[in-house]
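These notes concern the structure reproduced below.
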Amino acid sequence: MPSPADLFMENWDLARKWSGPEVQNFTSPCAEFKRAVSEALLISSASESYAALKSLQRGDTPAVENGRVMLILGAIDDFFEIVHPRTLNRSRLFDPLPLTHWLRKVVLDRLDNGAFISTATHQLVPRGPLIRYPRGEFASSAYSLADQFAFLTVVRTELSIEDRPIRVSAIVKDRSLSQGIGLAPSSNGSEKIAFIPIAQLDEHLQINRFEVNGHAYVDFKLSDDVDAAAVMNSVLGDIGYADIVMSAELMVDEGAADRLSPLISAIPGRTRILLAGSGNTSDTRDGLPWNEARIFNGSGVELWRQRKIWQAGLDSSRSEDLGLVPGHNGRLMEHNHAGEEIVVADVDGFGRCVVLICQDIQSNPLASELIRLYQPDWVFVPILDWGTGLKRWAHQRVFELSAISPARFLIASSLSMVKKLKREDQPCGLAIGPKDSTDEDQGRECATAYAETSPHGYGIVEWRTGWGKSSLVFEPKK
């Protein structure tokens, strides 16, 4: 039974082919037509509302009909303000609708399936971000169909890395502590973020080289005497409270994540959301584990998991810096299999979240298309490197991506590699905000977090507390 949500997707498929000049030259419908569209949206029956709108948008000429299509797209978008997570007092707007109204069903469909409407290739979801203002209508300094709407967007369910298909799965988490992260504190918008490196000293990290079927691999793991779950639980006690807690890549394997969950639940309320870095799974394919991040709420409930999509490696220079012999092709590849799915998690009261593990943030076109299409509130990036300093690769990539979305990016790294490579002190965390201007590059809100204590410390940043701006302007060599 089609509803106006289906009509939005149908009209979107038509409108996506139009250029800006074409849209500008369509005939604008009259006020009476607009009232008729509003009345059609209030019809409770999904099929009757759909049919009424479909009949209204017929026109004698393409310019008239296409103008009506654009208006109906905008009217449906405006109507979905009632149920958009960004809308305050949603219940006050939603309650007057009859219990049989079609909008109630598509809302329930989203809770179950992650989207209002889904097809084999596309889905209709709330326009991101979910708790911040969306990109403006002219954010691209050119015409963009998606930017014409505030509350709805049509997104693809398959993206790619170098033409390898990657499935995108949308999930929704409500505000209950059994499903989501509970009610938002009054400080929402100035979150306190804690980065826990876990591996801080040289001896905390083991690096092993081995070969399988003639292929050379490198394996990074915590030393046997470092229990990631115990470290994180202890440091959580030192922190007291942070809205978001992150650890780094390959610091928390599946066993440690399993042990961490009951430790969090034993003393709940120390955080709202915790990204337990990433680490090797127990399951393998072709003898290779997956590099998987686990995300918990403040009561230790698992919210979702994310596997790394694009495996990295060490070139001959970095291999030799670490005292390792490169493979016959000059590389040592990460000893992990490749994930096939990206999870987009809509967490009520917190925002739309994605996790891009280390090299995944560099992936093309996956990373940029994911952020452009889904417009997340938060992008979590656990990495394993010698720090997250300004102007390094992670900062440069996130600086670029932050121009296409109002997302906040959080990058977490361990610190053992800093010691092994004999680098200067580096931050264990980096937080970067979106570009704050559409007409010129004025930098990004940016803050670094240093672990102030050893052997197991943490770094803290609080969002929007008079941060400076970052840029990618390098000092000239002398």
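At-a-glance table
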{"quantity": "Trypsin sites (Lys or Arg not before Pro) restricted to DSSP loop in segment 153-242 with at most 14 other C-beta within 10 Å", "calculated": "Arg175"}
{"quantity": "Given Lys192/Lys221; Lys391/Lys435; Lys308/Lys422; Lys308/Lys420; Lys221/Lys391, the pairs whose alpha carbons are separated by over 19 Å", "calculated": "Lys192/Lys221; Lys308/Lys422; Lys308/Lys420; Lys221/Lys391"}
{"quantity": "Area projected by the alpha carbon convex hull of segment 1-79, averaged over all directions, nm²", "calculated": "4.9 nm²"}
{"quantity": "Segment 324-461, relative contact order [Cα under 8 Å, separation at least 6], %", "calculated": "17 percent"}
{"quantity": "Exposure ranking of Ser316, Ser402 by accessible area [1.4 Å probe, largest first]", "calculated": "Ser316, Ser402"}
{"quantity": "Hits among aspartates and glutamates - C-alpha to C-alpha of Lys419 under 14 Å, sequence gap 8 or more where chains match", "calculated": "Asp202, Glu203, Asp321, Asp385"}
{"quantity": "Alpha carbon convex hull of segment 331-395, volume per residue in cubic angstrom", "calculated": "127 Å³"}
{"quantity": "Per-residue [θ]222 nm for the chain (sum of -39500 (n - 2.57) over DSSP H runs n ≥ 4, rounded to 500)", "calculated": "-8000 deg cm²/dmol"}
{"quantity": "Mean shadow area of segment 273-394 over all directions, Cα convex hull, nm²", "calculated": "9.4 nm²"}
{"quantity": "Formal net charge of residues neighbouring Lys419 (Cβ-Cβ distance under 9 Å; K, R +1; D, E -1)", "calculated": "+1"}
{"quantity": "Volume in Å³ per residue [convex hull over Cα atoms, computed for segment 190-290]", "calculated": "113 Å³"}
{"quantity": "Stokes-Einstein D (µm²/s) once Rh is taken as the Kirkwood radius of the chain over alpha-carbon pairs, at 25 °C in 0.890 mPa s", "calculated": "103 µm²/s"}
{"quantity": "Value of relative contact order over segment 70-140, rounded to a whole percent, pairs C-alpha under 8 Å and six or more apart", "calculated": "23 percent"}
{"quantity": "Where Asp60, Asp225, Asp253, Asp109 fall by accessible area, highest first, once all protein chains stay in place (1.4 Å)", "calculated": "Asp60, Asp225, Asp253, Asp109"}
{"quantity": "Over segment 175-217 - Rg/Rh using Cα atoms and the Kirkwood inverse-distance radius", "calculated": "1.34"}
{"quantity": "Solvent-accessible area, 1.4 Å probe, carbon plus sulfur percent, for the chain", "calculated": "49 percent"}
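The values are calculated or read from the model by the stated rules, or taken from the named source; none is laboratory data. Note that the structure is predicted; figures quoted are calculated from it, not measured. Note that we place each Cβ from the backbone using ideal geometry, even for glycine, and neighbour counts take in every protein chain shown. To get the accessible areas, we keep the full protein, side chains included, count just its heavy atoms, and leave off ligands, DNA and RNA. Shrake-Rupley method; radii C 1.70, N 1.55, O 1.52, S 1.80 Å.
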